[in-house]
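For reference, the structure is listed below as C-alpha cells.
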Amino acid sequence: VQLQASGGGLVQVGGSLRLSCAASGRTARKYVMGWFRQSPGKEREIVAAISRDGGLTYYVDSVKGRFTISRDNAGNTLYLRMDDLKPDDTAIYYCAAKQARWSTLQLDTPYDYWGQGTLVTVSS
C-alpha cells in the first residue's frame, strides 16, 4: 500500500488543522493505521492509531482531548483532526499502516508502510 499525507501547514497556537492520508494500491481496510510525528532532536513518536474497523483508537497522552483520528475505508483515507494546537505539536507528521487482525490495534507490532510526511508548524 502507498500512503500520501497532506494537510500540514502553519497555524497559530490554539488553532486547528486536519491532516489526511490517502492510501492506494491496496484497500485501506486491511490495515491498522496510525499517525506519527518527529520534531528536530526528538525521536519519532506515535500520536494516534485506529483499528481496521475504526472501533478502537489510541492516543498519546499529550494529545488526548485535542486530536481525533478517524478513517474512511470506502474512500481509503485516514484523517487526524488537531485542535487547540500548541508549539510542542510542531513536527513532521507521518501516516503509517500495518497488517493486523480485525478490531485490534496491536500496539506492540511495527508498522510496515509509511507516507512521506507533512510539516505542521505551530507559531506562538
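Read the figures in this text as sums done on the coordinates, not as results from a lab. For clarity, every value in this text was computed on a predicted model and none was experimentally measured. Neighbour counts run over all protein chains shown; Cβ positions are idealised from the backbone, glycine included.
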**Request:** Could you point to the residue in Thr27, Tyr94, Gln38 farthest towards the positive end of the chain's charge dipole, with +1 and -1 charges on the Cβ of Lys/Arg and Asp/Glu respectively?
**Result:** Thr27
**Message:** Under 8 Å for C-alpha pairs, at least 6 residues apart: give me the relative contact order for the chain, rounded to a whole percent.
**Reply:** 36 percent
**Item:** Charge dipole (debye, nearest 20) of the stretch 59-112; +1 at Cβ of Lys and Arg, -1 at Cβ of Asp and Glu
**Value:** 180 debye
**Item:** Long-range HN-HN contacts of Asp112 with modeled amide H, under 5 Å
**Value:** Ala97, Lys98, Gln99
**Complete:** From the Cα centre of the stretch 1-43 to that of the stretch 52-124, the distance in Å is 6 Å
**Asked** Hey, what does the equivalent ellipsoid look like for the stretch 69-124, semi-axes from the Cα gyration tensor as sqrt of 5 times each eigenvalue, largest first, whole Å?
**Response** 25, 14, 12
**Prompt:** Relative contact order of the stretch 22-86: what whole-number percent is it, with Cα pairs under 8 angstrom and at least 6 residues apart?
**Reply:** 30 percent
**Request:** Straight distance only, please: which lysines reach the Cα of Lys86 with their own Cα at less than 30 Å, same-chain residues fewer than 8 apart left out?
**Result:** Lys42, Lys64, Lys98
**Prompt:** For the chain, with only Lys/Arg (+1) and Asp/Glu (-1) charged at the beta-carbon, what is the dipole magnitude about the Cα centre, in debye rounded to 20?
**Reply:** 340 debye
